[in-house]
Structure formats: C-alpha cells, structure tokens
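The values are calculated or read from the model by the stated rules, or taken from the named source; none is laboratory data. Here the structure is a predicted model, which means the values were calculated and not measured. Glycine also receives a Cβ, built like all others from the backbone with ideal geometry; neighbour counts cover every protein chain displayed.
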C-alpha cells in the first residue's frame, strides 16, 4: 500500500460526500443531454474527476509526487466504491 491512511480516509470521506450529492451531479449531467449518450455515465465521470482532482491536490499539499502505484491504488479504491456511486446517481 502506497497511499497513506490519511489520504485513503480523505478519499473515502470525499466519495461519501459525492454519493450524498449524486442527484446534484446527475442534474449537471442532464444539462448536457442530448449531446451525451448517458446521463448516469456522465454524472459518474464528473464525480470521478472531482475525486481524482482532490486526490492530486492532497498530494500537492503534502509536497509529494504521485507515483504510478498511487494512481493504481486510487483507481482500485474508486472502483470498489463505483457501485455505490452509480446506485446513488440512479436513485431518484
């Protein structure tokens, strides 16, 4: 494991926040229909991008370099939480 416990907890808390706010991100994605093929997929992409951006900022704030292993571990964490994010997006 290369991501610190502090950073992992930060990511988990951030994902929890975005799950609680998923309907708002679905609404943002709906504004781009019909230019997009899938509103839920677009909303997921927005959320994943926001979490990834915050992950990179956390490393920058700690003056750390993001290594390939860190990104792989981040992807694993996000992938494990993806079903919960998608469920929150799909709930009306």
Notebook entry, point to check: Does residue 22 fit the bill of being free of Cβ contacts under 8 Å to residues at least 40 places away in the same chain and at negative phi?
Noted result: no
Checklist line | Qualifying residues in segment 36-61 (those that are in contact (Cβ under 8 Å) with a residue 40 or more places away in the chain and over 11 Å from the mean Cα position of the chain (by Cα)) - the one farthest from residue 9 (Cα to Cα) | finding: 40
Check: residue 11: assigned to a helix (DSSP H, G or I), in contact (Cβ under 8 Å) with a residue 60 or more places away in the chain and within 11 Å of the chain's Cα centre (by Cα), yes or no?
Finding: yes
Notebook entry, point to check: When only residues in segment 55-72 that are closer than 23 Å to residue 22 by Cα and surrounded by 15 or more Cβ atoms within 10 Å (Cβ to Cβ) count, which is modelled with the lowest pLDDT?
Noted result: 58
Checklist line | Complete set of residues in segment 14-34 that are part of a helix (DSSP H, G or I) and either closer than 15 Å to residue 56 by Cα or in contact with a helix residue (DSSP H, G or I) (Cβ under 8 Å, 6 or more places away or on another chain) (or both) | finding: 14, 15, 18, 19, 20, 22, 23, 25, 26, 28, 29, 30
Note to self: Taking the conditions exactly as written (farther than 18 Å from residue 91 by Cα and either under 10 Å from the mean Cα position of the chain (by Cα) or assigned to a helix (DSSP H, G or I) (or both)), does residue 80 satisfy them or not?
What the structure shows: yes
